[in-house]
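The values are calculated or read from the model by the stated rules, or taken from the named source; none is laboratory data. The structure presented is a predicted model; accordingly, all values stated were derived computationally and were not measured. Here the Cβ positions follow ideal geometry from the backbone for every residue, glycine too, while neighbour counts run over all protein chains shown.
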Amino acid sequence: MNLTLNGGGIAREPLDGTTTLSVTLSEPLQQSEPNVIAFALDYRRSGSALGPIHKPGSTGVTVPVDAVVQSSGQPYGDQASIRVGIRELAPNRRGYNLVALEPWGGIQDRATFDTCGDPAASEALARWVEALPPGAIVLGAVKDEVSTQLGADAVTAQASLGVGETFGASTGSLTPSLA
């Protein structure tokens, strides 16, 4: 757990069962604006706790955090969900809902590409994938239909992530991959 005062770190304490944190606040405290104390959880699994479930897909890449990806169309829920730890990161919009993680599990970027209804989405998806730094881990879920305006540029970009050639129909989802 990280404790901050006005955006500056003042304490860091591991959570282990019940944790009590006592901190004496000192200068600089703000006189005319509210002083903001914030608690933030920094959740990551240790390397020894990562097992086969953390190597989804066929790339062999280990996802260093707990992640749950759900991709479904009608009549099975019509949902795109990407949860990392306890945070829902997918906006659940039509098309590709993507999340890029740092190799250590931090959230690097997220985006949605409606390759059904937006003619520019295929090229934007390809540019987004190409801009990822080496080592990025991509999680993806599809909602509704994605193939109507999916171009070769996006298919090629997805292949660089380890997504199979048969992908692109309305029933798939991106496999977590190493860029």
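Results for (1) without any contact (Cβ under 8 Å) to a residue 12 or more places away in the chain; (2) among the aliphatic types (A, V, I, L, M); (3) part of a strand (DSSP E or B); (4) outside the structural domain of Val163 (by TED's automatic domain parsing), shown as yes or no for each residue.
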{"residue": "Thr59", "(1), (2), (3), (4)": "no, no, no, no"}
{"residue": "Val65", "(1), (2), (3), (4)": "no, yes, no, no"}
{"residue": "Gln70", "(1), (2), (3), (4)": "no, no, yes, no"}
{"residue": "Ile82", "(1), (2), (3), (4)": "no, yes, yes, no"}
{"residue": "Asn92", "(1), (2), (3), (4)": "no, no, no, no"}
{"residue": "Asn97", "(1), (2), (3), (4)": "no, no, yes, no"}
{"residue": "Asp109", "(1), (2), (3), (4)": "no, no, yes, no"}
{"residue": "Thr112", "(1), (2), (3), (4)": "no, no, yes, no"}
{"residue": "Leu139", "(1), (2), (3), (4)": "no, yes, yes, no"}
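Condition test on Gly105, is it touching a Leu at 6+ places or on another chain (Cβ under 8 Å), of a type in the set (Gly, Ala, Ser), crowded, with 17+ Cβ neighbours inside 10 Å and assigned by TED's automatic domain parsing to the domain that holds Gly162? No; evaluated as a whole, the condition is false for this residue. Filtering the range 23-37 to residues that are at pLDDT 80 or above and touching a strand residue (DSSP E or B) at 6+ places or on another chain (Cβ under 9 Å) leaves Val23, Leu29, Asn35, Val36, Ile37. Looking only at the range 114-134, which residues are part of a loop (DSSP other than H, G, I, E, B) and in contact with a helix residue (DSSP H, G or I) (Cβ under 7 Å, 6 or more places away or on another chain)? Residues satisfying the conditions are Asp114, Thr115.
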